[in-house]
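Presented below is the structure to which this report refers.
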Amino acid sequence: MSVSAAFNSLKPSKLISWKATGKLQQTLAGCIELAGKTLHTGKVSKVKVCPGFAGEGRYFEFRSKLIPASIDFARDSPLCTTLCKDGYKIRTVEHLLSALEAKGIDNCVIQIQSLDSEDSELEVPIFDGSASAWIEAIEQVGRKEALDRCGNNVEKLAPYLNEPLHVLRNDSFIVGLPSSEVRITCGIDFPKVPAIGCQWFSSSFLDDSYEKHIACSRTFCLYEEVEHMRVAGLIKGGSLDNAIVCSATRGWLNPPLRFHDEPCRHKVLDLIGDFSLFARHGSQGFPVAHVVSFKGGHSLNADFVRRLSGISV
């Protein structure tokens, strides 16, 4: 598909209007390469993120198979976001995609491999449970104007929400409201875990606040649920080094927190990564809207993006 054809496919709908941002699409100025233990399988994987062509967006490459970072390939999975295509799976993509979306890396090739050549299911490393490692790596190489395969630059478009949209599941919800700027308001509620309790955090991630106030927030879990998750085959690589763990009776087991509301901020980090799956052809993925999430998670995030995309949920 040519770049012109790709952008012609970004047709406005009842929910979304695509508008120029006044910026050109960007990519990395060089390759970044990081390796580390994964959260759920406990294996070591290596990720190399390289510059991409304008108009082609972000996609994963595994054994010569290309898996676009698109909601079309997202599948529900416990405690993470997974992309699937042709029998191959890439798990826990949300922190990397959150960093790429927030830093404006619109086009890139994400090559991933593990030490086990037989694996058909891979996972992005967890590092310290936040997006800090990815932000630091992106800043080290920098970014540059992306060119298409003919050497032309391409204008970056953003999706504007035209009318309110919501998804609801029990007492959890996500609401999108039309706005002239991107804003995220997130709430969580753990009434049986006093150290967490009810928290709210609000931010506009398309500015410096992402790096200072969101990217370094770590994933969290409840100590009382750890054994259940391990029996379910999850968090085999989990430790106090890559998550903050809270007990309902003893409070935080590995303080100090980086923020008093770090769990809520991490939910925002995840939401940005999941919403980036709405991106098309190097466009902005996160909608220009005020997004309000309460007790949300990866599955509900994906449902909202599917609704944006016109996919039935």
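The values are calculated or read from the model by the stated rules, or taken from the named source; none is laboratory data. Keep in mind the model is a prediction, meaning the values are calculated, not measured. Here the Cβ positions follow ideal geometry from the backbone for every residue, glycine too, while neighbour counts run over all protein chains shown. To get the accessible areas, we keep the full protein, side chains included, count just its heavy atoms, and leave off ligands, DNA and RNA. Shrake-Rupley method; radii C 1.70, N 1.55, O 1.52, S 1.80 Å.
If you take the residues of the range 166-212 that are more than 20 Å from the chain's Cα centre (by Cα) and among the hydrophobic types (A, V, I, L, M, F, W, C), which of them is surrounded by the most Cβ atoms within 10 Å (Cβ to Cβ)? Among residues in the range 166-212 that are more than 20 Å from the chain's Cα centre (by Cα) and among the hydrophobic types (A, V, I, L, M, F, W, C), the one surrounded by the most Cβ atoms within 10 Å (Cβ to Cβ) is ILE196.
Among the conditions (1) surrounded by 17 or more Cβ atoms within 10 Å (Cβ to Cβ); (2) small (Gly, Ala, Ser); (3) closer than 23 Å to THR21 by Cα; (4) in contact with a Ser or Thr (Cβ under 7 Å, 6 or more places away or on another chain), SER217 misses just one, which is (3).
Among the residues making up the range 44-64, those that are surrounded by fewer than 18 Cβ atoms within 10 Å (Cβ to Cβ), basic (Lys, Arg) and not in a loop (DSSP other than H, G, I, E, B) are LYS46, LYS48.
One residue stands out among those in the range 269-291 that are buried (at least 24 other Cβ atoms within 10 Å of the Cβ) and among the β-branched types (Val, Ile, Thr): the one that is nearest to the chain's Cα centre (by Cα), which is ILE272.
Checking each residue in the range 65-84 for being modelled with pLDDT under 95, out of contact with any strand residue (DSSP E or B) (no Cβ under 6 Å at 6 or more places or on another chain) and not acidic (Asp, Glu) picks out SER77, PRO78, LEU79.
Return the pairs, sorted by first residue and then second, in which the second residue is open to solvent by 60 Å² or more (accessible area, probe 1.4 Å) and of a type in the set (Asp, Glu), the first residue lies in the range 1-24 and is closer than 24 Å to GLU181 by Cα and modelled with pLDDT under 75, the beta carbons are less than 9 Å apart, and the residues are 6+ apart or on different chains. Matching pairs, first to second residue: PHE7/GLU155. Looking at the range 247-263, which of its residues are more than 19 Å from PHE127 (Cα to Cα) and open to solvent by less than 20 Å² (accessible area, probe 1.4 Å)? Selection gives SER247, GLY251, ASP261. Annotation: THR92 fulfils all but one of (1) modelled with pLDDT under 95; (2) among the β-branched types (Val, Ile, Thr); (3) touching a His at 6+ places or on another chain (Cβ under 8 Å); the unmet one is (1). Looking only at residues in the range 134-149 that are among the hydrophobic types (A, V, I, L, M, F, W, C), part of a helix (DSSP H, G or I) and more than 14 Å from the chain's Cα centre (by Cα), the one that is farthest from LEU28 (Cα to Cα) is ALA137.
Can you pull out the residues in the range 25-43 that are crowded, with 16+ Cβ neighbours inside 10 Å and outside any loop (DSSP other than H, G, I, E, B)? Hits for the range 25-43 are GLN26, THR27, LEU28, ILE32, LEU34, GLY36, LYS37. In the range 191-209, the residue that is farthest from GLY251 (Cα to Cα) out of those that are touching a residue at least 40 places away in the same chain (Cβ under 8 Å) and among the hydrophobic types (A, V, I, L, M, F, W, C) is LEU206.
Scanning the range 220-246 for residues that are crowded, with 18+ Cβ neighbours inside 10 Å and farther than 18 Å from CYS198 by Cα yields LEU234, ILE235, GLY237, GLY238, ASN242, ALA243. For the range 133-148, state whether one or more residues are aromatic (Phe, Trp, Tyr), within 30 Å of TRP252 (Cβ to Cβ) and either open to solvent by 10 Å² or more (accessible area, probe 1.4 Å) or modelled with pLDDT of 95 or more (or both). Yes, some residue in the range 133-148 is aromatic (Phe, Trp, Tyr), within 30 Å of TRP252 (Cβ to Cβ) and either open to solvent by 10 Å² or more (accessible area, probe 1.4 Å) or modelled with pLDDT of 95 or more (or both). Of the helices (runs of 4 or more DSSP H) that lie entirely inside the range 210-313, those containing 2 or more residues that are touching a residue at least 60 places away in the same chain (Cβ under 8 Å) and not acidic (Asp, Glu) span 262-275, 298-308. Taking every residue in the range 43-62 that is under 23 Å from ASP148 (Cα atoms) and acidic (Asp, Glu) and pairing it with any residue that is at pLDDT 95 or above and open to solvent by 60 Å² or more (accessible area, probe 1.4 Å), at least 6 positions away or on another chain, the pairs with Cβ-Cβ distances below 8 Å are GLU61/GLN111.
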